[in-house]
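Chemist: Submitted below is the structure of interest, expressed as structure tokens.
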Amino acid sequence: MKGRRYRKNRTDLPGAPDIVFSGARVIVFVDGDFWHGKSWKTRKAKLRCGHNAEYWIRKIERNIARDRDQTRDLRAAGWIVLRVWESEVSANIHMVVHRVESMLGHPTGARTSGRHVRVAAQVHGSTHVGETFRPNTHEAMDRTRASDASLACPDW
């Protein structure tokens, strides 16, 4: 992303995107796994077993709906919207950089540098970063299928 100007947390756009490349009209959100519903079917089943379950389920489902609405509105306004999970950022920063660069029009396989890691670390707020971009719908994102036994509440 050498030579690309970007802004962080632009509050004038829906959802205050984590990274905005205005010139290329590309927006990147780094969503927290818990708050934005990663593996939602599995997590929801586990939340049902916990304290104040309905509150947390409603809260996260509102976040999921808001994410969808913001993505739809931004795309309608001509933005390219990429959403990534925080846990994926921790796993593989070079994949994230590669995907962002491809959306910015860089050739596939562009070389990444330490600067890319620093930019992602600023967004993620930690020193270990890396991630893949997720699909547009939360249902498609729920790649992990837990067995029926693991979805059951424990008998405490």
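Chemist: Take the conditions modelled with pLDDT of 90 or more, buried (at least 18 other Cβ atoms within 10 Å of the Cβ) and closer than 16 Å to Val28 by Cα and apply them to Arg134. Does it pass? Spell out how you get there, then give the answer.
Modeler: Details: modelled with pLDDT of 90 or more: no; buried (at least 18 other Cβ atoms within 10 Å of the Cβ): yes; closer than 16 Å to Val28 by Cα: yes.
Judged against the criteria, Arg134 is not a match.
Chemist: Test each condition in (1) charged (D, E, K, R); (2) assigned to a helix (DSSP H, G or I); (3) surrounded by fewer than 20 Cβ atoms within 10 Å (Cβ to Cβ) for Arg4 and report the one that comes out false.
Modeler: Only one criterion in (1) charged (D, E, K, R); (2) assigned to a helix (DSSP H, G or I); (3) surrounded by fewer than 20 Cβ atoms within 10 Å (Cβ to Cβ) is unmet by Arg4, namely (2).
Chemist: Can you spot a residue in segment 57-79 that is of a type outside the set (Gly, Ala, Ser), assigned to a strand (DSSP E or B) and within 18 Å of the chain's Cα centre (by Cα)?
Modeler: no
Chemist: Being touching a residue at least 24 places away in the same chain (Cβ under 8 Å) and in contact with a strand residue (DSSP E or B) (Cβ under 8 Å, 6 or more places away or on another chain) narrows it down to one residue among Arg68, Arg83, Arg48, Arg75; which is it?
Modeler: From the options Arg68, Arg83, Arg48, Arg75, the qualifying one is Arg83.
Chemist: Give me the residue from segment 21-33 that is surrounded by fewer than 22 Cβ atoms within 10 Å (Cβ to Cβ) and farther than 16 Å from Arg72 by Cβ and, out of that set, farthest from the chain's Cα centre (by Cα).
Modeler: Here the answer is Gly23.
Chemist: Asp69: loosely packed, with under 14 Cβ neighbours inside 10 Å and within 23 Å of Ala16 (Cα to Cα), yes or no?
Modeler: yes
The values are calculated or read from the model by the stated rules, or taken from the named source; none is laboratory data. All of these numbers come straight from a predicted model, not from anything done at the bench. Using ideal geometry, Cβ is built from the backbone for each residue, glycine included, and neighbour counts are taken over all protein chains shown.
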